[in-house]
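Data block below; observations after.
The values are calculated or read from the model by the stated rules, or taken from the named source; none is laboratory data. Everything quoted here is computed from the prediction, not taken from an experiment. Cβ: placed from backbone, ideal geometry, glycine included. Neighbour counts: every protein chain shown.
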Amino acid sequence: MLLIYSPNTSSRLSYTVSVLFKNEVLVTQDAAIFLSHAGARINYSEQKITPNDFQIIPQGLLFQDSIHLQKTNCFEWKGIIAFFKTNGGKLPFDIFSAAFYLLSRYEEYLPYAVDEYGRYAHTNSLAFKNNFLHLPLIQLWQLELEKLLQNNFQEYSTPVQEFAFLPTYDIDIAYSYLHQPIIKNLYGFFRDLLKGKFELFQERANVYSGNQQDPFDQYHWLDLLHEQFKLNPIYFFLLAKKRKYVDKNISPTKKAMQELIKKHAAKYQVAIHPSWQSADSDIALREEIKCLSEITNQSVDKSRQHYLRMTIPDTYRRLLNAGILEDYTLGYAGMNGFRASYAGAFKWYDLKNETVTALEIHPFCYMDATAIFEQRYPVYEAKKELQGLYDIVKKVKGEMICIFHNHFLTDQPEWVEWKKMYANFLKENFDKI
């Protein structure tokens with residue numbers, strides 16, 4: 001068991017070390033307990049207790065009780081970026097304060113510019129500005145810290161962790177043609193015809209005549225992949241009561257939509273994908289959660305915001321109040337990578353209330369829509385990025401969560417290569433397992 005001595009204590013410090021070391025750590029303010037501890041120990045203070053202390057000098061963030069602009073000048077340490085530089089100690093920076101700054105999303109409580117959808121823009125972040133958005137930086141720091149601890153304390157062993165891969169799917173548009181409003185399909189027929197899009201016109205006609213499967217109906221194909229590679233995905237269903245703006249899914253009152261959800265709930269985890277409209281309405285959010293619960297006859301405690309529409313702390317508080325205990329929204333729509341610089345689940349720390357909450361955050365690092373529309377990658381470049389993220393998360397034994405959409409995994413000419421890319425990625429990394 002690792003022991004950390006600090007003459008001061010705070011919820012920020014306790015939270016941070018619990019994330020980094022799981023349940024394999026104790027914090028004490030008693031120097032006598034520190035001196036008598038036979039195992040690995042860290043002196044987290046400005047004063048030495050023994051001449052050979054494993055000392056980390058505090059930067060101060062963990063003992064503050066306010067939110068204000070921090071000096072985050074970055075530098076290189078052991079080939080990786082670090083910040084909150086300190087003088088003396090075994091590390092040249094305060095790893096605990098730096099980790100807390102990233103995990104708590106401290107910078108998102110400060111004034112910032114929003115993107116076109118009103119979200120915190122990735123370009124604001126320290127990670128983007130200093131080119132470490134593509135790295136689970138906190139866990140890379142941890143690997144180096146663990147090496148140093150093992151060199152100083154031969155008996156020290158790190159908490160057991162295993163790499164995990166979790167594919168998730170946002171079902172924003174369950175079907176392209178089937179079960180859509182009649183007026184929408186009539187309009188689509190004439191639009192495609194007038195614009196000379198004869199392939200789409202024919203595709204729509206074939207689907208309605210029963211001669212072709214709806215192109216967005218890729219559920220059986222995904223089932224086969226999950227079975228082949230022993231994957232346990234989560235499906236997030238958009239269940240907006242009204243069709244409006246970017247909320248374009250099939251109505252949850254449709255029998256076909258309900259059957260689709262029930263089918264998936266029978267073998268996978270299903271979760272709510274709160275609509276754009278529900279981000280402005282507590283009533284709508286609760287209605288959507290209730291709708292999914294009634295369809296599946298299961299409690300609903302997992303969510304991911306549609307279009308990743310969220311603000312901290314407001315969205316997280318609303319989700320908690322609605323009974324959500326796990327959220328999978330944390331990531332950027334504008335660029336793939338690690339929004340909290342961490343690949344793994346952790347409890348949300350409500351910085352304004354200075355408390356650890358019951359909400360568990362599951363960050364994702366890759367979304368197909370981001371690679372396609374924001375980064376504008378060709379398929380081969382997206383595959384390279386996806387593999388690179390997989391490799392780095394596997395190195396740190398983290399959890400890699402990806403987001404895919406059924407309507408980008410089709411056999412249509414513009415998407416078929418993306419479908420092949422996903423299948424090949426899974427085959428290359430899981431076929432040998």
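Buried (at least 19 other Cβ atoms within 10 Å of the Cβ) and either outside the structural domain of residue 120 (by TED's automatic domain parsing) or not hydroxyl-bearing (Ser, Thr, Tyr) (or both): is that true of residue 344 in this structure? Steps first, answer last, please.
Numbers: buried (at least 19 other Cβ atoms within 10 Å of the Cβ): yes; either outside the structural domain of residue 120 (by TED's automatic domain parsing) or not hydroxyl-bearing (Ser, Thr, Tyr) (or both): yes.
Answer is yes for this residue.
Please work out if residue 383 is surrounded by 14 or more Cβ atoms within 10 Å (Cβ to Cβ), under 20 Å from the mean Cα position of the chain (by Cα) and of a type outside the set (S, T, N, Q). Let's see the steps before the verdict.
On the way: surrounded by 14 or more Cβ atoms within 10 Å (Cβ to Cβ): yes; under 20 Å from the mean Cα position of the chain (by Cα): yes; of a type outside the set (S, T, N, Q): yes.
Spelling it out, residue 383 is indeed surrounded by 14 or more Cβ atoms within 10 Å (Cβ to Cβ), under 20 Å from the mean Cα position of the chain (by Cα) and of a type outside the set (S, T, N, Q).
Any residue that is buried (at least 18 other Cβ atoms within 10 Å of the Cβ), hydroxyl-bearing (Ser, Thr, Tyr), modelled with pLDDT under 95 and over 17 Å from residue 19 (Cα atoms) - is there at least one of those in region 161-177?
Yes, the conditions are met somewhere in region 161-177.
Given the condition surrounded by fewer than 18 Cβ atoms within 10 Å (Cβ to Cβ) and hydroxyl-bearing (Ser, Thr, Tyr), answer yes or no: does some residue in region 247-266 qualify?
yes
So if I check each of 283, 324, which one is of a type in the set (A, V, I, L, M) and either touching an Asp or Glu at 6+ places or on another chain (Cβ under 9 Å) or not assigned by TED's automatic domain parsing to the domain that holds residue 250 (or both)?
Details: 283 fails: either touching an Asp or Glu at 6+ places or on another chain (Cβ under 9 Å) or not assigned by TED's automatic domain parsing to the domain that holds residue 250 (or both).
324 is the lone residue from the list that is of a type in the set (A, V, I, L, M) and either touching an Asp or Glu at 6+ places or on another chain (Cβ under 9 Å) or not assigned by TED's automatic domain parsing to the domain that holds residue 250 (or both).
Working carefully through the options 379, 393, 356, find the one that is farther than 28 Å from residue 161 by Cβ, touching a residue at least 12 places away in the same chain (Cβ under 8 Å) and of a type in the set (Val, Ile, Thr).
Details: 393 fails: farther than 28 Å from residue 161 by Cβ; 356 fails: farther than 28 Å from residue 161 by Cβ.
Just one listed residue meets the conditions, 379.
Here are 374, 360, 399, 354: which of them is over 20 Å from the mean Cα position of the chain (by Cα), at pLDDT 95 or above and in the same structural domain as residue 316 (by TED's automatic domain parsing)?
354
Evaluate region 1-11: report whether one residue or more is part of a loop (DSSP other than H, G, I, E, B) and within 28 Å of the chain's Cα centre (by Cα). Walk me through how you get there before you give the answer.
Of the residues in region 1-11, the ones part of a loop (DSSP other than H, G, I, E, B) are 1, 6-10.
Keeping just the survivors that are within 28 Å of the chain's Cα centre (by Cα) gives 10.
Among the residues of region 1-11, at least one is part of a loop (DSSP other than H, G, I, E, B) and within 28 Å of the chain's Cα centre (by Cα), which makes the answer yes.
Got a sec? Which strands (runs of 3 or more DSSP E) wholly within region 73-171 have at least 3 residues that are in contact with a helix residue (DSSP H, G or I) (Cβ under 9 Å, 6 or more places away or on another chain)? Outline the logic, then answer.
On the way: elements: 75-77, 80-82, 164-171.
Qualifying strands (runs of 3 or more DSSP E): 80-82, 164-171.
Look through region 308-341, keep the residues that are of a type in the set (Ser, Thr, Tyr) and surrounded by 21 or more Cβ atoms within 10 Å (Cβ to Cβ), and return whichever of them is farthest from the chain's Cα centre (by Cα). Working first, answer last.
At the first step, the residues of region 308-341 found to be of a type in the set (Ser, Thr, Tyr) are 311, 315-316, 328-329, 332, 341.
So of that shortlist, the ones also surrounded by 21 or more Cβ atoms within 10 Å (Cβ to Cβ) come out as 316, 328-329, 332, 341.
Working: 316: 14, 328: 5, 329: 6, 332: 9, 341: 10 Å.
Per the criteria, the residue is 316.
Quick test for you: out of 36, 14, 45, 97, pick the one residue that is touching a residue at least 12 places away in the same chain (Cβ under 8 Å), more than 22 Å from residue 355 (Cβ to Cβ) and not assigned by TED's automatic domain parsing to the domain that holds residue 345. If you could, list the steps in order and put the result at the bottom.
Details: 36 fails: touching a residue at least 12 places away in the same chain (Cβ under 8 Å); 14 fails: more than 22 Å from residue 355 (Cβ to Cβ); 97 fails: more than 22 Å from residue 355 (Cβ to Cβ).
Exactly one of 36, 14, 45, 97 is touching a residue at least 12 places away in the same chain (Cβ under 8 Å), more than 22 Å from residue 355 (Cβ to Cβ) and not assigned by TED's automatic domain parsing to the domain that holds residue 345, namely 45.
Residue check: is residue 319 out of contact with any helix residue (DSSP H, G or I) (no Cβ under 7 Å at 6 or more places or on another chain) and either not in a loop (DSSP other than H, G, I, E, B) or not assigned by TED's automatic domain parsing to the domain that holds residue 243 (or both)? Full working, then the answer.
Working: out of contact with any helix residue (DSSP H, G or I) (no Cβ under 7 Å at 6 or more places or on another chain): yes; either not in a loop (DSSP other than H, G, I, E, B) or not assigned by TED's automatic domain parsing to the domain that holds residue 243 (or both): yes.
Yes: the conditions hold for residue 319.
Is it the case that some residue within region 25-43 is under 19 Å from residue 91 (Cα atoms), in a loop (DSSP other than H, G, I, E, B) and of a type in the set (D, E, K, R)?
no
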